[in-house]
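Undergrad: Before we start, here is the structure in question, set down as structure tokens.
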Amino acid sequence: MLESLLEFLIQGVVLGGLYALFAVGLSLIFGVLDVINVAHGEFFAVGGYLAFAAVVLLHLPGAAGVLGAAVGTFLLGLCVYPLLIAPLKRRLGGRPQGPLYLVLTLGLSTFLQSSLLALAGGDYLRVPPQVSGILDLGVTAVSHQRLLVLAVAAALLTALFAFLRFHPEGLAVRAVALNPDAAQAMGINLPRIFSLTLALGVALAGVGGALMAPLFNVYPAVGFPLTIKAFAITILGGMGNPVGALVASFLISIAESLSVMVIPSQWQSLIAFAVMIVMLLVRPRGLLGRAVSR
Amino acid sequence: MLELEGVRSGYGKLEIVQAASLQVGDGAIVGIIGPNGAGKSTLLKTAFGYLPPFAGRIALDGREIAGRRPDEIMRLGVGYLAQAGGLFAEMTVHDNLVLGGYTVSRADKRRAIEAVYTRFPLFRDRGGQLAGALSGGEQRLLAIARALIVRPRLLLLDEPSAALAPRFIDLIYASLVALNRDGLAMLIVEQNVEAILAVAHRVFVLDLGRNAFDGTPAELRASDRIRRLYLGEDEAAAGPGL
């Protein structure tokens, strides 16, 4: 019993790394831009395809695939605000925009999926693992690839939170999330911070896509289920709160993993959504509330 | 320095400021007073770029700045203090000051923050506290100190005395006068008429989005009509001493 508990706990923590990489970016974007990025999963898919292109087509090392995914999705993310969101914002003026942004990013999601389908076809593509081998922990075994996902997630998220806490541009991101008008009075260029935040957020998803490509295979809609799950995670953590998203990622992943000890495994994926519904009914602000600022 | 000429602005299609004009000369303190809803804060926000003017001219040192973003106007040497101070309440006092120096070099920022700490030792002692934990008066002082880190030439202030205890109002205005002596020009929207009349070189009265008076505080005090209409005084109560 104890061994099973440990085994599922370890698997849950490893899965939490991927969830965190994905959900923290989604939450950061919402916290700063007030935009629910439905297309987040497509940037995960783009990361996977870029890794495939680098490793399988160009025969570059696995690390180059991950780096290429990070840079490629970052650059793509830089274009989203000036090309899509800013023009809509200008047209709407001060009117409420949330639902329209949702539709806009849903359109972007469909556009990116269709583009990937047209460019690469709908086949499941295999990407060789960046690292091979299995770590035997006694109670369970974890592939080196999954441990790599956890390690990279830990490194990137530590870097992200250090950036937000100590770097002048990171402070500017937090300031914009808290009070955009006051941030402008400090000389902070809002469109620049919006673009930077979007790029950082989707680049995290892109890296996740590249690292998970050897485990999930790559296809145009590979990121969509993750987007839906990330909504549940961000609601649990507090919409727009990256720290909350980090905590909630591990809570959900561990809960999912441990759930198979008490419920049939086909119900496992419902855990996140059950938690989301309960959270919305009981504590809609989430565990930690909304605060990119902290 | 700053000139607004025939400025119309508002929110969406609602025009609140209707052809208002004013000027702020180098090193001057200029006050804007008027009844609630006159468009004073709207005019200030328009001057700083938060609201695009529907019409009119806004010029800084003769250069048109209408339509520019607030961060661009700030980089031209204009500071802005929002009604409640505009602090980042959930960030520390120190981080607020660091953000105040967002546009200057690291060395200049460090020097300027050190100068703030020397002038207001309270902020050094409480640098690690959340800005929102300071009292209302302390928050207003911090907002002013933060705005000064980049050494602006002109400061736009929206009701700096709002919701403050009298001793803090005196402190804030004493600080503003001291800064003005060093050459800082100010455009101050104020509901506290006595406070602004005591320090301003020139006063504009705005009513229903239009200029209703433009002159020195002494001229304003001498005008029975303005006193009656905008300062809420009747002729008998006003007396000759005003």
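Undergrad: Can you go through B:Gly85, B:Gly6, B:Gly27, B:Gly31 and tell me which one is touching a strand residue (DSSP E or B) at 6+ places or on another chain (Cβ under 9 Å), assigned to a loop (DSSP other than H, G, I, E, B) and not assigned by TED's automatic domain parsing to the domain that holds B:Arg146? Working first, answer last.
TA: Working: B:Gly85 fails: touching a strand residue (DSSP E or B) at 6+ places or on another chain (Cβ under 9 Å); B:Gly6 fails: assigned to a loop (DSSP other than H, G, I, E, B); B:Gly31 fails: assigned to a loop (DSSP other than H, G, I, E, B).
The conditions single out B:Gly27.
Undergrad: Yes or no: the stretch A:285-294 includes at least one residue that is surrounded by 18 or more Cβ atoms within 10 Å (Cβ to Cβ), in a helix (DSSP H, G or I) and of a type in the set (Gly, Ala, Ser).
TA: Within the stretch A:285-294, none of the residues are surrounded by 18 or more Cβ atoms within 10 Å (Cβ to Cβ), in a helix (DSSP H, G or I) and of a type in the set (Gly, Ala, Ser).
Undergrad: Please go through the stretch A:235-249 and pick out each residue that is under 15 Å from A:Leu281 (Cα atoms) and crowded, with 24+ Cβ neighbours inside 10 Å.
TA: Matches in the stretch A:235-249: A:Ile235, A:Leu236, A:Gly237, A:Gly238.
Undergrad: Anything in the stretch B:88-100 that is part of a loop (DSSP other than H, G, I, E, B) and either open to solvent by less than 10 Å² (accessible area, probe 1.4 Å) or more than 7 Å from every other protein chain (Cβ to nearest Cβ) (or both)? List them, or say none.
TA: Within the stretch B:88-100, B:Phe88, B:Ala89, B:Met91 meet the criteria.
Undergrad: On to the next question. Return a yes/no flag: does the stretch B:56-63 have any residue that is within 19 Å of B:Ala147 (Cα to Cα), touching a residue at least 60 places away in the same chain (Cβ under 8 Å) and assigned to a loop (DSSP other than H, G, I, E, B).
TA: no
Undergrad: Quick one: what pairs do we get from the stretch A:174-197, first residue within 9 Å of chain B (Cβ to nearest Cβ) and touching a residue at least 24 places away in the same chain (Cβ under 8 Å), second open to solvent by 20 Å² or more (accessible area, probe 1.4 Å) and not in a loop (DSSP other than H, G, I, E, B), C-beta under 7 Å, 6+ apart or different chains?
TA: Qualifying pairs under 7 Å: A:Pro191/A:Pro82.
Undergrad: Continuing with this model, one more query. Can you tell me which residue among B:Ala107, B:Ala47, B:Ala28 is surrounded by 16 or more Cβ atoms within 10 Å (Cβ to Cβ) and within 14 Å of chain A (Cβ to nearest Cβ)?
TA: B:Ala47
Undergrad: Look at A:Leu156 and say whether it is away from chain B (no Cβ under 11 Å), within 22 Å of A:Gly72 (Cα to Cα) and open to solvent by 40 Å² or more (accessible area, probe 1.4 Å). Break it down into steps so the answer makes sense when it comes.
TA: Working: away from chain B (no Cβ under 11 Å): yes; within 22 Å of A:Gly72 (Cα to Cα): yes; open to solvent by 40 Å² or more (accessible area, probe 1.4 Å): yes.
The answer is yes for A:Leu156.
Undergrad: In the stretch A:270-294, what residues are in contact with an Asp or Glu (Cβ under 7 Å, 6 or more places away or on another chain) and at pLDDT below 80?
TA: Selection gives A:Ala291, A:Ser293, A:Arg294.
Undergrad: Quick one: in the stretch B:114-150, which of the residues that are surrounded by 15 or more Cβ atoms within 10 Å (Cβ to Cβ) and assigned to a loop (DSSP other than H, G, I, E, B) is nearest to the other protein chains (Cβ to nearest Cβ)?
TA: Step by step, filter the stretch B:114-150, then rank; the result is B:Val150.
Undergrad: Which residue out of A:Leu117, A:Leu78 is open to solvent by 80 Å² or more (accessible area, probe 1.4 Å), modelled with pLDDT of 95 or more and part of a helix (DSSP H, G or I)?
TA: After applying the criteria, what remains is A:Leu117.
Undergrad: State whether the residues of the stretch B:77-86 include one that is of a type in the set (S, T, N, Q) and either free of Cβ contacts under 8 Å to residues at least 60 places away in the same chain or within 9 Å of chain A (Cβ to nearest Cβ) (or both). If you could, list the steps in order and put the result at the bottom.
TA: Step one: filter the stretch B:77-86 for residues of a type in the set (S, T, N, Q), giving B:83.
Applying the additional criterion that residues be either free of Cβ contacts under 8 Å to residues at least 60 places away in the same chain or within 9 Å of chain A (Cβ to nearest Cβ) (or both) yields none.
Scanning the stretch B:77-86, I find no residue that is of a type in the set (S, T, N, Q) and either free of Cβ contacts under 8 Å to residues at least 60 places away in the same chain or within 9 Å of chain A (Cβ to nearest Cβ) (or both), so the answer is no.
Undergrad: Would you confirm whether or not the stretch B:180-194 contains a residue that is open to solvent by 40 Å² or more (accessible area, probe 1.4 Å), hydrophobic (A, V, I, L, M, F, W, C) and modelled with pLDDT under 95?
TA: No; the residues of the stretch B:180-194 include none that is open to solvent by 40 Å² or more (accessible area, probe 1.4 Å), hydrophobic (A, V, I, L, M, F, W, C) and modelled with pLDDT under 95.
Undergrad: Answer with yes or no whether A:Ala245 is within 14 Å of chain B (Cβ to nearest Cβ) and closer than 26 Å to A:Pro82 by Cβ.
TA: no
The values are calculated or read from the model by the stated rules, or taken from the named source; none is laboratory data. Being a predicted model, the structure only gives us computed values, none of them experimental. Don't worry about glycine lacking a Cβ; one is built from the backbone with ideal geometry, like all the others, and counts go over all protein chains shown. Remember, those area values only see protein heavy atoms, side chains included, never the ligands or the DNA or RNA. Shrake-Rupley method; radii C 1.70, N 1.55, O 1.52, S 1.80 Å.
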